[in-house]
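This report concerns only the one structure given below.
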Amino acid sequence: MDCFQASVNSLVWATRSGVEYLLTGDSNGSVQLWQVNEDGDQLAVSLSWSSTSSQLNLAGASVQGVQGLSSVNVQLVKQRGAVGEPVLKG
């Protein structure tokens, strides 16, 4: 992956619904979400999402019905512009 304009300082691997993802964070504050795919005996990655800001901006993002957020999580996402009502942890 030769697309970084700053040094990568964080990596997280995740599997969701059988799909492998790699999340990278770099020194300029950008975050990228990569989908990892098998291509024969090689692995290929494709960019699924990217931020170009060092600030969390959730303007217009819906959290309607989202489960598992704490009251602190809800306060943060609402402060950053998210809309809707999540289901709070019990």
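The values are calculated or read from the model by the stated rules, or taken from the named source; none is laboratory data. No experiment lies behind these values; they were computed from the predicted model shown. Counting neighbours? That spans all protein chains shown, and the Cβs are built from the backbone with ideal geometry, glycine included.
Is there a residue in region 39-59 that is assigned to a strand (DSSP E or B), touching a Ser or Thr at 6+ places or on another chain (Cβ under 9 Å) and either of a type outside the set (D, E, K, R) or loosely packed, with under 15 Cβ neighbours inside 10 Å (or both)?
Yes, region 39-59 contains at least one residue that is assigned to a strand (DSSP E or B), touching a Ser or Thr at 6+ places or on another chain (Cβ under 9 Å) and either of a type outside the set (D, E, K, R) or loosely packed, with under 15 Cβ neighbours inside 10 Å (or both).
Taking Asp2 and the conditions (1) at pLDDT below 85; (2) surrounded by 13 or more Cβ atoms within 10 Å (Cβ to Cβ); (3) of a type in the set (D, E, K, R), which numbered condition does it fall short on, given that it satisfies the others?
Of the numbered conditions (1) at pLDDT below 85; (2) surrounded by 13 or more Cβ atoms within 10 Å (Cβ to Cβ); (3) of a type in the set (D, E, K, R), the odd one out for Asp2 is (2).
Do we find a residue being modelled with pLDDT under 85, at negative phi, in contact with an Asp or Glu (Cβ under 9 Å, 6 or more places away or on another chain) and hydrophobic (A, V, I, L, M, F, W, C) anywhere in region 6-23?
yes
Here is a list of conditions, (1) more than 29 Å from Ser7 (Cβ to Cβ); (2) touching an Asp or Glu at 6+ places or on another chain (Cβ under 9 Å); (3) assigned to a strand (DSSP E or B), and Gly68 meets all of them except one; can you say which number that is?
Of everything listed in (1) more than 29 Å from Ser7 (Cβ to Cβ); (2) touching an Asp or Glu at 6+ places or on another chain (Cβ under 9 Å); (3) assigned to a strand (DSSP E or B), Gly68 misses just condition (2).
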